Amino acid sequence: MRAIIVAGSPEVIRPPGLRPQPGDLVIGADLGAAHCLRWGWRPSLVIGDLDSLPAAAQVVLAAQGSPFIIMPTRKDETDLELALNHALQAGATIIVIVGVLGGRIDHTLANLLLLTRVDLAALDVCMVDGSQSVRLLRPGHPLTIAGQPGDTLSLIPIGGDATGVTAHHVEWPLTAATLPLGVARGVSNVLCGPSAELYIEHGLLLVVHITKNASI
């Protein structure tokens, strides 16, 4: 089952290739529910403390039958974390998260680091905003990045050096390479075909894919 989580970044751009399909679980995390309304999407659930969701949007959402899970403002989890936890409890195996890039830099960094959660390791999880998407490459879970020749692909180590990094079908291929933490060697590679194949032996890599024709 696929879950689409729309978070509350004020600068969110709807990915042009993303549309809810029958059977999808669409979760609006606080202000993200208002983004859903703006795009003509009906959330399956609205969750959060509702501190940034306008009252008018709450009225429309309630009228169209979207259920609410209202949480206290003083809590340990962000609204996005609450939405992510609900998607996992619902059995989602594919999770697309929209509206997490841009806005406050502390929110953006915290959102990106959610990808390192151990309980997401075996799932297909992608954060996407407009033509940009971010996934996590971890040992034992190779990635195929579908796109088109000329797309930008950046590999950014987090939490330490990334070793045994292999990247096929890119302009600057890698074979069992080391990408040290804090060094930008993996930034701005380029796809040479319709997809790239990525592997890693140790460490974690954020994989940023930028395309003019985004499709999820």
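Bear in mind that the values in this text are calculations on the coordinates, not laboratory data. No experiment lies behind these values; they were computed from the predicted model shown. For neighbour counting, all protein chains shown are included, and Cβ atoms are generated from backbone atoms with ideal geometry for every residue, glycine included.
A few comments on the model shown:
- Positive dipole terminus of region 29-82, leading residue within Gln58, Thr73, Leu31 (C-beta point charges): Gln58
- Neighbour net charge for Leu191 - beta-carbon separation under 14 angstrom, K R +1, D E -1: -2
- DSSP-defined beta bridges in the chain - what % are antiparallel, rounded to 5: 60 percent
- Angle between the chain longest axis and helix 79-89 axis [Cα atoms, degrees, rounded to 10]: 80 degrees
- Charge context of Leu179, other residues only, Cβ under 9 angstrom, K/R +1, D/E -1: 0
- Region 136-210 - percent relative contact order, Cα under 8 Å, separation 6 or more: 51 percent
- Hz values of 3J(HN,Hα) by residue in region 104-111 - Karplus curve (6.51, -1.76, 1.60), Gly and Pro given as x: 5, 5, 5, 5, 4, 5, 4, 4
- Nitroxide proxy distance, nm - points 7 Å out along Cα→Cβ at Leu88 and Asp49: 2.1 nm
- Neighbours of Ser52 by Cβ distance under 15 Å: Lys/Arg scored +1, Asp/Glu scored -1, total -2.
- Difference of contour (0.36 nm per residue) and Cα-Cα distance, Arg117 to Ile158: 13.5 nm
- Over the chain, Cα pairs under 8 Å with separation of 6+ residues give a relative contact order of 21 percent.
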